[in-house]
Amino acid sequence: MPEASLTLPAALSSVSQARNFLRHALADWAVEGFELAAPQVLTELATNAALHARSAYTVHLQLDDGHLLVEVSDSSQMMPQQRHYGTGATTGRGIALVEALSEAWGVESSPTGKTVWCRVGSDDALPDFDLDDADEIDDDDDVIAHAPATTGGRTGVSLAFAA
């Protein structure tokens, strides 16, 4: 099972380096079908690490049985949170996006920080998105936390919007 890791500085400019690292790792492994979801979730996780943790962060990728495990570790103890911004806000949707594009995701804390991980399937496995449905989500929608999911030995949280 191929895997690769890269440590990057706590700078927003490093997010593009994280995406390039992913692209090169997948090419080295001769794997296709991860052009949409994997780069997007990595962008969200790397941006959160650079912006909120304000520490160097490590991207770890592992391919297993047609699924990609994407992990971003940083030195902050602060856990990611679903934010509640207005529909016109240009921020605050990252965790919801990770939830939508991942088969499972979660956070593991450690004495030195945390690792946010997600398990991504191939882009062929993504559900069809109707962008018109996104317009129906408004500021009054609640977020409901579901029972923890367990995938590949990792436990995560599942968030969904209540209608």
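The values are calculated or read from the model by the stated rules, or taken from the named source; none is laboratory data. On a predicted model such as this, the values are computed, not experimentally measured, just so you know. So basically every Cβ, Gly included, is an ideal-geometry build from the backbone, and we count neighbours across all protein chains shown.
Listed values, structure above:
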item	result
Some residue of the stretch 83-96 being in contact with a helix residue (DSSP H, G or I) (Cβ under 8 Å, 6 or more places away or on another chain), modelled with pLDDT of 90 or more and over 17 Å from residue 33 (Cα atoms)	no
Selection status of residue 70, buried (at least 16 other Cβ atoms within 10 Å of the Cβ) and at pLDDT 95 or above	yes
Single residue of 75, 122, 110 found to be touching a His at 6+ places or on another chain (Cβ under 9 Å) and either modelled with pLDDT of 60 or more or surrounded by 15 or more Cβ atoms within 10 Å (Cβ to Cβ) (or both)	122
Subset of the stretch 23-67 [hydrophobic (A, V, I, L, M, F, W, C), surrounded by 15 or more Cβ atoms within 10 Å (Cβ to Cβ) and over 23 Å from residue 125 (Cα atoms)]	46, 49, 50, 53, 56, 59
